[in-house]
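Have a look at the structure below, then the notes.
What follows draws every value from the coordinates through simple rules; no lab data is involved. Every value quoted in this text rests on a predicted model; they were computed, and no experiment measured them. Please note: Cβ atoms are built from the backbone with ideal geometry, for glycine as well, and neighbour counts cover all protein chains shown.
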Amino acid sequence: MRRPVAIIALAGLLAGCSFPDTSVLDDPEPVQQHVVLEVSLENARPEFYDLDVMWLDGDAEANERVPGDVVWKRNTTLTWPDQYLVYAEGDAAKKPGVDDLLAYAQGVPYVHCSITINGRVVVKSDLGSCRFDLGATPIPVPSG
């Protein structure tokens with residue numbers, strides 16, 4: 001099996017063929033990514049609701065409860081390709097002792113979230129959770 005491959009390679013070399021560029025297979029250079037996770041509670045009165053936030057950025061993750069009128073934000077820097085996944089999720093948490101009829105008088109609250117990387121919004125949702133995987137390529141840093 002090695003002999004036919006060697007013959008083909010030698011014939012290609014003698015014919016002036018060049019071998020493909022394999023530099024794309026090298027490990028990519030690390031790229032710093034500035035990330036902002038943002039979660040907010042909408043259509044909810046802060047005296048009736050708190051906001052439960054779950055988040056993940058690179059290697060760190062946590063759960064937090066914040067007052068319902070707070071826009072929760074987390075600023076961080078990821079190093080791509082070592083850290084590539086960011087996630088934020090929120091849930092309306094009715095405060096203890098609040099009557100259901102009173103809490104839902106204005107309708108059902110919902111959670112808005114967004115993920116911004118290097119100044120560019122990459123995910124926006126009113127369904128309560130946002131996830132972004134940088135995957136194979138980082139988000140370019142804006143010039144200027």
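Quote the relative contact order of segment 23-133 in percent (integer), defining contacts as alpha-carbon pairs under 8 Å separated by 6+ residues.
Details: 265 pairs, mean separation 36.4, N = 111.
Value for segment 23-133: 33 percent.
Taking 41 Å as R0, compute the FRET efficiency from the Cβ-Cβ separation of ASP59 and VAL108 and round it to 0.05.
On the way: r = 35 Å, r/R0 = 0.85.
Computed FRET efficiency for ASP59 and VAL108: 0.75.
When the label point is put 7 Å from the Cα of ASN118 along its Cα-to-beta-carbon vector, which residues of segment 60-100 have a backbone N closer than 19 Å?
Output list for this probe position: 75-87.
Sorting VAL66, VAL86 on the 10 Å Cβ count, fewest up front, what's the list?
Ordered from fewest to most neighbouring Cβ atoms within 10 Å, VAL66, VAL86 come out as VAL66, VAL86.
Treat the count of other C-beta atoms within 10 Å as a stand-in for reagent exposure and order LEU127, LEU37 from fewest to most. Display every interim value, and only then the final one.
Numbers: LEU127 10, LEU37 24.
The most exposed by this proxy come first: LEU127, LEU37.
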